[in-house]
């Protein structure tokens, strides 16, 4: 099973530190590093990804995630063609419809149709083909050097189905819960079946926060900022599957209090509004053995990988990554 690390670059830390973190992640057996693209509350991911590419050799590098609203699909295609060049083919386009980076500037996320069109256009452009622009004229990417894999962040039925039709991989966003994850996988499978695509071509990666500590309260505290961001997301869903109904109050509280300028910040006040019950449901929390056992249960659903978000906390990210290597990675990879 592949293991990735999800990072956001706080305004409190230098980009050079992120490069050191990704270098350490590579040495500790992480397969991929994904850097958030949130332009008002985090430092620029593209600068960081380029520096990481120049200072690593095996770890795959992607946006966690970008969107075709704040960045046009031609810009994404050109940027990742460059990243693929400097990384010797290790780039992954992590793409979504847009959320914090979009809402924070008064725009709306991409529609499913526009997201799907953007994916198809990026595939065509990166492969050297032509697409039709909004002016009705054809255009192409002169820097094209080959297709770059596109992994789409998704959690609701329509976008999950779209992933089944066109994505190389799916970033399953929502929660580290077996029922929830299976529900998402089923929607991806149906999307693939609709167009006669082989479902086995699609990589399935679950993204979740992990708080690994023998002190369960500390473990919950470590993931509370991420849990709050998920709750705020669910508050905007028009339809909630029945298994999420018990947590409606968590979603309402997060929706009312969420400060997008403190998105994914461990200092945010809004992280205090989520319940222990929802935290235990949506995140991976507990001792190393408990966390490993939960990931192994999720792997049995057919996941190809898990990408972990975690708080730097005491000792910094290095100490957390070393603990994750010892408690999780070496067991999953049997090394």
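The values are calculated or read from the model by the stated rules, or taken from the named source; none is laboratory data. Since the model is a prediction, treat every value here as computed from it, not as a measurement. For neighbour counting, all protein chains shown are included, and Cβ atoms are generated from backbone atoms with ideal geometry for every residue, glycine included.
Structure above, values below:
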read-out: Residues satisfying the stated conditions in segment 121-142, i.e. assigned to a loop (DSSP other than H, G, I, E, B) and surrounded by 13 or more Cβ atoms within 10 Å (Cβ to Cβ); value: 127, 128, 129, 141
read-out: Residue count for segment 84-104, restricted to those that are over 18 Å from the mean Cα position of the chain (by Cα) and either modelled with pLDDT of 95 or more or buried (at least 23 other Cβ atoms within 10 Å of the Cβ) (or both); value: 6
read-out: Matching entry among 148, 166 (being modelled with pLDDT of 95 or more, crowded, with 22+ Cβ neighbours inside 10 Å and either within 15 Å of residue 114 (Cα to Cα) or in contact with a helix residue (DSSP H, G or I) (Cβ under 9 Å, 6 or more places away or on another chain) (or both)); value: 148
read-out: Qualifying position, being within 28 Å of residue 157 (Cβ to Cβ), surrounded by 19 or more Cβ atoms within 10 Å (Cβ to Cβ) and modelled with pLDDT of 90 or more, among 199, 251; value: 251
